[in-house]
Amino acid sequence: MNTQELNISKEIWEKDQAHLIHPYTNYKKFNTEGSVVYAKGEKHWIFDADGNKYLDGIAGLWCVNVGHGREDIAEIMAAEASKLAYYNTFEDATSIPAAELAAKLAEIAPENLNHVFFGTGGSMANDTAIKMAHYYFNLKGLPKKKKVISRDLAYHGSTFLAHTLTGIHSTHIGFDLVKDLVHYVSAPYTYRRPAELTEEEFCDFLIKELEDKINEVGADEIACFIAEPILGAGGVLVPPKGYHKRTWELCQKNDILYISDEVVTAFGRLGEMIASESIYDVKPDILVMAKGISSGYIPLGATMISDEIFEVISQPKEGNPYFSHGFTYSGHPLACAVGLKNIEIMENEHFCEHVQNLGPYFETQLASLSDLPIVGDIRGSKFMLCVECVKDKNTKEGFADEVTIAKRIYYHAKERGLIVRPLGSLLVLSPPLTFDKDAIDECVYILRE
Ligand code: PLP
């Protein structure tokens with residue numbers, strides 16, 4: 001640490017406080033004492049402007065999958081920027097990276113998904129998914145099919161539409177979101193299921209509830225169901241066994257499009273490039289990706305649609321022959337070049353195999369914390385894990401001020417050199433996929449402390 005760097009930190013915070021609006025921030029409790037100015041990253045380590053080193057337990061925000069500070073990605077960015085920093089992909093224009101990445105995604109996605117629409121992040125990709133579902137049913141002559149079924153505690157983003165899809169209802173307070181569009185069913189929160197139900201019965205309960213919701217709203221008015229394979233920001237909730245397949249089958253039976261939001265789960269976090277089919281045996285009609293697609297080196301998101309949807313939406317119609325949806329940065333060449341390089345790195349360096357091999361070790365090590373008096377539940381899968389803190393392990397009663405407990409642990413862990421994500425009473429772990437045994441051991445050791 002040197003004083004010059006410390007001064008940088010202070011100066012930056014003054015500017016930040018005066019001008020930067022932070023996302024998802026409690027301004028009442030905003031506290032610059034506990035704040036950090038991140039300045040440098042290397043593999044699964046992150047350094048602040050004062051030179052302190054931390055183990056990055058959350059990959060920035062579930063996204064830096066191939067790790068920080070990759071020179072090969074930086075080189076691609078520089079090379080592409082000096083070649084063709086930007087051109088649009090509207091109508092008959094394209095670029096080499098945009099076309100190459102689209103083809104690569106079609107290769108790694110389930111076989112019915114061969115068409116990609118690019119944007120700059122997960123919220124935009126989910127907005128695109130819903131607009132495509134609506135457009136598809138309009139063109140098919142089924143204009144009543146518009147409603148969306150989402151789930152309590154789902155997180156799908158923060159744009160006007162994606163925030164409405166999000167089922168973390170407390171975040172809706174104060175915002176007037178899209179009215180009467182989204183219907184929510186229960187979160188598959190296995191730990192907090194009704195006490196009298198076994199896990200299997202809980203699954204039956206959730207499926208029955210979805211079926212009832214479809215009947216109540218009317219399948220002829222429902223366009224789609226949207227689901228994360230493991231709910232992330234809502235609490236790393238792993239649904240009971242068989243849940244995904246059964247929800248997908250219900251959707252198929254009722255002509256409801258199944259949207260799999262794999263913004264967090266794709267690109268290796270669960271040990272597969274795409275989790276829906278490989279792990280859960282579900283073939284989504286629409287697949288949404290972001291974050292790990294570029295390992296956070298550049299904003300990029302993608303919405304993949306089935307051949308059947310593409311067939312319909314690409315047919316010109318009288319009135320407006322245009323598919324009138326798109327963004328300046330759809331298929332941004334620089335972003336797509338990073339996406340391609342990122343996939344190449346993941347394949348060449350066998351990141352999925354690494355997560356498959358080490359994921360169970362991470363799960364077991366973290367589970368060793370279950371003897372601690374405030375640890376109620378430890379859940380998740382492979383490199384997407386979470387600890388839920390409770391006041392009483394037997395009754396599962398939470399702490400009165402949930403926000404404080406996780407925040408306190410977060411500050412203590414940070415002092416010891418580990419960054420975890422505090423969410424209510426939860427501590428979330430979603431590290432870079434470069435995490436090795438040493439990093440896992442250190443992470444668990446610090447959490448126990
Ligand atoms: N979907 C999921 C599952 C997410 O976790 C997120 C962000 O965390 C989003 C969508 C929104 O992505 P973005 O913040 O890039 O808009």
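Looking at segment 274-305, which of its residues are of a type in the set (A, V, I, L, M) and in a loop (DSSP other than H, G, I, E, B)? Talk me through it step by step, then tell me what you get.
If we filter segment 274-305 for residues that are of a type in the set (A, V, I, L, M), which is where we start, we get 274-275, 279, 282, 286-290, 293, 298, 300, 302, 304-305.
If the condition is that a residue be of a type in the set (A, V, I, L, M) and in a loop (DSSP other than H, G, I, E, B), then I274, V282, A290, I298, L300 are the ones that fit.
Kindly evaluate K131 against the criterion of being out of contact with any Gly (no Cβ under 8 Å at 6 or more places or on another chain) and more than 16 Å from the ligand (Cβ to nearest atom).
Details: out of contact with any Gly (no Cβ under 8 Å at 6 or more places or on another chain): yes; more than 16 Å from the ligand (Cβ to nearest atom): no.
No, not satisfied.
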Problem - Residue match in segment 429-439 (condition: under 20 Å from G234 (Cβ atoms), outside the structural domain of A195 (by TED's automatic domain parsing) and acidic (D, E)) - result: no
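Among the listed residues H156, H115, which satisfies the condition of being touching a helix residue (DSSP H, G or I) at 6+ places or on another chain (Cβ under 9 Å), within 30 Å of I256 (Cα to Cα), in a loop (DSSP other than H, G, I, E, B) and in the same structural domain as P321 (by TED's automatic domain parsing)?
Testing whether each residue is touching a helix residue (DSSP H, G or I) at 6+ places or on another chain (Cβ under 9 Å), within 30 Å of I256 (Cα to Cα), in a loop (DSSP other than H, G, I, E, B) and in the same structural domain as P321 (by TED's automatic domain parsing) leaves just H156.
Each row is one residue, and each column tells you yes or no for (1) in contact with an Asp or Glu (Cβ under 9 Å, 6 or more places away or on another chain); (2) within 16 Å of the ligand (Cβ to nearest atom); (3) at pLDDT 95 or above.
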residue	(1), (2), (3)
A275	yes, yes, yes
I279	yes, yes, yes
V288	yes, yes, yes
K291	no, yes, yes
P299	no, yes, yes
M304	no, yes, yes
P333	yes, no, yes
I345	yes, no, yes
C352	yes, no, yes
Completion exercise
Cβ pairs under 8 Å, 6+ apart or interchain, first in segment 223-239 and closer than 16 Å to A129 by Cα and assigned by TED's automatic domain parsing to the domain that holds T128, second crowded, with 24+ Cβ neighbours inside 10 Å and of a type in the set (K, R), ordered by first then second residue, are A227/R151
Exercise for the section: Identify all residues within segment 47-67 that are touching a helix residue (DSSP H, G or I) at 6+ places or on another chain (Cβ under 8 Å) and either within 16 Å of the ligand (Cβ to nearest atom) or within 27 Å of S9 (Cβ to Cβ) (or both); write none if there are none. Expected result: D48, A49, D50, G51, Y54, L55, G57, L61, W62, C63, N65
Exercise for the section: With the condition kept exactly as written, say whether any residue in segment 141-150 is farther than 12 Å from C224 by Cα, away from the ligand (no atom under 16 Å from the Cβ) and touching a Leu at 6+ places or on another chain (Cβ under 9 Å). Expected result: no
Practice task
Determine if segment 96-108 includes at least one residue that is surrounded by 18 or more Cβ atoms within 10 Å (Cβ to Cβ) and under 30 Å from E415 (Cβ atoms).
Solution key: no
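List the helices (runs of 4 or more DSSP H) that sit entirely inside segment 316-432 and contain at least 1 residues that are over 28 Å from L270 (Cβ atoms). Walk me through how you get there before you give the answer.
Numbers: elements: 333-348, 351-367, 402-415.
Hits in segment 316-432: 333-348, 402-415.
Which one is nearest to the ligand (Cβ to nearest atom) among residues in segment 245-273 that are assigned to a loop (DSSP other than H, G, I, E, B) and among the charged types (D, E, K, R)? Break it down into steps so the answer makes sense when it comes.
Within segment 245-273, the first condition is being assigned to a loop (DSSP other than H, G, I, E, B), and the residues that meet it are 254-256, 262-273.
When the remaining residues are screened for being among the charged types (D, E, K, R), the result is 255, 262, 269, 272.
Details: D255: 25, E262: 8, R269: 11, E272: 16 Å.
Of everything passing the filter in segment 245-273, E262 is nearest to the ligand (Cβ to nearest atom).
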Fill in the blank from the handout: Conditions (1) at pLDDT 95 or above; (2) assigned to a loop (DSSP other than H, G, I, E, B); (3) loosely packed, with under 15 Cβ neighbours inside 10 Å -> E308 fails only (2)
Practice task
Quick one: H19 ticks every box in (1) touching a helix residue (DSSP H, G or I) at 6+ places or on another chain (Cβ under 9 Å); (2) in the same structural domain as K382 (by TED's automatic domain parsing) except a single one, so which number is it?
Solution key: (1)
Handout entry: Unmet criterion (only one of (1) at positive phi; (2) of a type outside the set (D, E, K, R); (3) within 14 Å of the ligand (Cβ to nearest atom)) for G242
Key = (3)
Exercise for the section: List the number of the failed condition for L257; all other conditions in (1) surrounded by fewer than 21 Cβ atoms within 10 Å (Cβ to Cβ); (2) over 24 Å from E199 (Cα atoms) hold. Expected result: (1)
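Do you know which residues across segment 79-95 are outside any helix (DSSP H, G or I) and surrounded by fewer than 19 Cβ atoms within 10 Å (Cβ to Cβ)?
Within segment 79-95, the first condition is being outside any helix (DSSP H, G or I), and the residues that meet it are 85-95.
Of everything in segment 79-95, those that are outside any helix (DSSP H, G or I) and surrounded by fewer than 19 Cβ atoms within 10 Å (Cβ to Cβ) turn out to be A85, Y86, Y87, N88, F90, E91, D92, A93, T94.
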Problem - Residue ID - surrounded by the fewest Cβ atoms within 10 Å (Cβ to Cβ), chosen from residues in segment 50-78 that are more than 22 Å from the chain's Cα centre (by Cα) and in a helix (DSSP H, G or I) - result: E71
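The values are calculated or read from the model by the stated rules, or taken from the named source; none is laboratory data. A quick note: this is a predicted structure, and the numbers were derived from the prediction, not measured. Note that each Cβ is placed from the backbone with ideal geometry, even for glycine, and that neighbours are counted across all protein chains shown.
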